[in-house]
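Taking it in order: structure first as structure tokens, then the write-up.
The values are calculated or read from the model by the stated rules, or taken from the named source; none is laboratory data. This structure is a prediction, so every number in the text was calculated from the model and none was measured. Because the Cβ atoms are built from the backbone with ideal geometry, glycine has one as well, and the counts that use them run over all protein chains shown. Accessible surface is based on the protein model in full, side chains and every heavy atom, while ligands, DNA and RNA are left aside. Shrake-Rupley method; radii C 1.70, N 1.55, O 1.52, S 1.80 Å.
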Amino acid sequence: MVDRRTVVTGLGVFATSVASMAAETLENRTSAVHGGTLVIDGLDCSVPSESYVSWLRAGGVDCMHLSVEDMDGRGGVHPFVFVHERLDQLRGSMRLARTVRDIWACKRDGQIALVLGWQGADPIGTEPGTLRAYFELGLRVLGIAYNTTNRYGSGCLEPSRGLTADGESLVEQAHALNMLLDVGGHTGEQTSLDVIARAGGRPVICSHTALTALNANKRNTSDRVCTAIAATGGVIGVLCLNDYLARNAANAKPAETTPQAPLGVFLDHLDYLRRLVGVDHVGIGPDFVDGQDLSKPGAWPGDRFTPDMISPGDDILYSEGFESIDQLPNVVAGLRERGWTRIEIRKLLGDNWARVYRTAWGA
């Protein structure tokens, strides 16, 4: 369990690995994950820092897709300024990646590559024509709506509403810039399907979600949307945020925290998705949050989250055994025990994300 207030200091989630990995040294554990594979954290909300870079390295991660919109409370270009200033401080440890070639260059140079994305298009506000400017600042992944409806489409709280006329224009602009569109999860079902219908041969992703078929939380993604994403050649990243793995309208108690799910529940979602769409369309998008003050007012706005979606109070839980990115070797060990092959694990850890990035962004 991680107290939201401790997320600011980065304490409480740097747990040591357990079970079958316990006897291995950190070097061996990381090698078990890495093994020459390009390892990509498909969605993370953690503030770039030396401590988080060390956690990424401990997990064998080469590249992190960062949700940049929450990095600075002022919105607009300020989060990009914040991230670029952080990268200046982390020179030699982490740098911005605008292409897959950049990601591989970072790996070669022993640095963590940082890919920037938005979970929703709200930061654009009433100026959809400014997307080009954000692209030049490094934005490469674009979501449409974060739980609630905006001028471009609907969120998961209004799943039956589709893409708006402004949303259609935004999708066209994103395509022109070779940006990767990110739907499902926070974005409503019909809006997601509308974006996918306009893919025109381009891959579409869901960077981080759990599966409605296994847990009927309204934030999760249906088989229909997952299958449609896979049909574009895209990838669905599975998150390890406990509420989305285990909390739903049938079992949620408004005043109580959801009991922590074991690692096996997270692995169940990976297994299910592999059976549903094939291993070529499965990734990991853990949605870790480190360095942000989630206890501050408005961090979990009531108009975007309902009591059956997330737990109340000061606790934020990830699945047991995968509570921080340094515990990624536990996931690998669990998948091996379930019969995943080395090639399948390589695809899950990074090959699939790299393929989609390359296809969407071009050379």
**Q.** Extended-chain gain in nm, criterion 0.36 nm per residue less alpha-carbon gap, residue 224 and residue 175
**A.** 15.3 nm
(Q) Please give the Cα centre distance for region 94-113 versus region 215-253, rounded to the nearest Å. (A) 30
Q) Considering amide H positions built from the backbone, and no H for Pro or chain starts, which residues 5 or more places from residue 236, or on another chain, come under 5 Å of its amide H? A) 206, 282, 283
Q. Hey, what number do you get for the chain at 222 nm if only DSSP H runs of n ≥ 4 count, each worth -39500 (n - 2.57), divided across all residues, to the nearest 500?
A. -9500 deg cm²/dmol
Q.
Using 0.36 nm times the number of residues separating residue 151 and residue 306, minus their current alpha carbon distance, what extension gain do you get?
A. 53.7 nm
Q) Between 336, 140, 219, which gets the highest mean-square fluctuation from a Gaussian network model of the chain, Cα cutoff 10 Å? A) 336
Q) Across the chain, where is the longest run that never hits GluC sites (Glu not before Pro) in a DSSP loop with at most 16 other C-beta atoms within 10 Å? A) 25-255
(Q) I'd like the carbon and sulfur percentage of the solvent accessible area for the chain, probe radius 1.4 Å, heavy atoms only, ligands and nucleic acids excluded. (A) 52
**Q.** Radius of gyration and Dmax over the Cα atoms of region 169-236, both given in Å
**A.** 11.5, 36
Q) What is the dipole size for region 37-96, taken about its Cα centre, with +1 at each Lys and Arg Cβ and -1 at each Asp and Glu Cβ, in debye to the nearest 20? A) 160
(Q) Taking the Cα centre as origin and putting +1 on Lys and Arg beta-carbons and -1 on Asp and Glu beta-carbons, what dipole magnitude results for region 129-207, to the nearest 20 debye? (A) 140
Q. Sorted by average packing, counted as other Cβ atoms within 10 angstrom per residue and highest first, what order do 201-210, 153-162, 234-243 take?
A. 234-243, 201-210, 153-162
Q) Using +1 on the beta carbon of Lys and Arg, -1 on that of Asp and Glu, and nothing else charged, what's the dipole of the chain about the Cα centre, debye to 20? A) 860
Q. In 5 Å bins starting at 0, how do the alpha-carbon pair distances of region 103-258 split up by percent?
A. 2, 10, 18, 20, 19, 13, 9, 6, 3, 0
Q) Dipole of region 121-259 (Lys/Arg Cβ +1, Asp/Glu Cβ -1, origin at the Cα centre): which of 159, 235, 181 lies farthest to the positive side? A) 235
Q. Summing +1 for each Lys or Arg and -1 for each Asp or Glu, what net charge is found among the other residues whose Cβ lies under 10 Å from the Cβ of residue 144?
A. -3
**Q.** residue 216-residue 337 pseudo-label distance in nm [points 7 Å out on the Cα-to-Cβ vector]
**A.** 3.0
Q) For the chain, what's the radius of gyration and Dmax over Cα atoms, in angstrom? A) 18.6, 57
Q. According to the Cα gyration tensor, what semi-axes, each the square root of 5 times an eigenvalue, does the equivalent ellipsoid of region 95-145 have, listed from largest to smallest in whole Å?
A. 26, 10, 7
(Q) Please compute the modelled spin-label separation between residue 231 and residue 165, points set 7 Å along Cα→Cβ, answer in nm with one decimal. (A) 2.8
Q) For the charge dipole of region 175-288, defined by +1 on Lys and Arg C-beta atoms and -1 on Asp and Glu C-beta atoms about the Cα centroid, which residue among 199, 226, 212 has the Cα displaced farthest towards the positive pole? A) 199
Q | Neighbourhood net charge (15 Å Cβ-Cβ; Lys/Arg +1, Asp/Glu -1) for residue 198 | A | -4
Q. Based only on the alpha carbon positions, what is the Kirkwood hydrodynamic radius of region 95-191, in angstrom?
A. 13.9
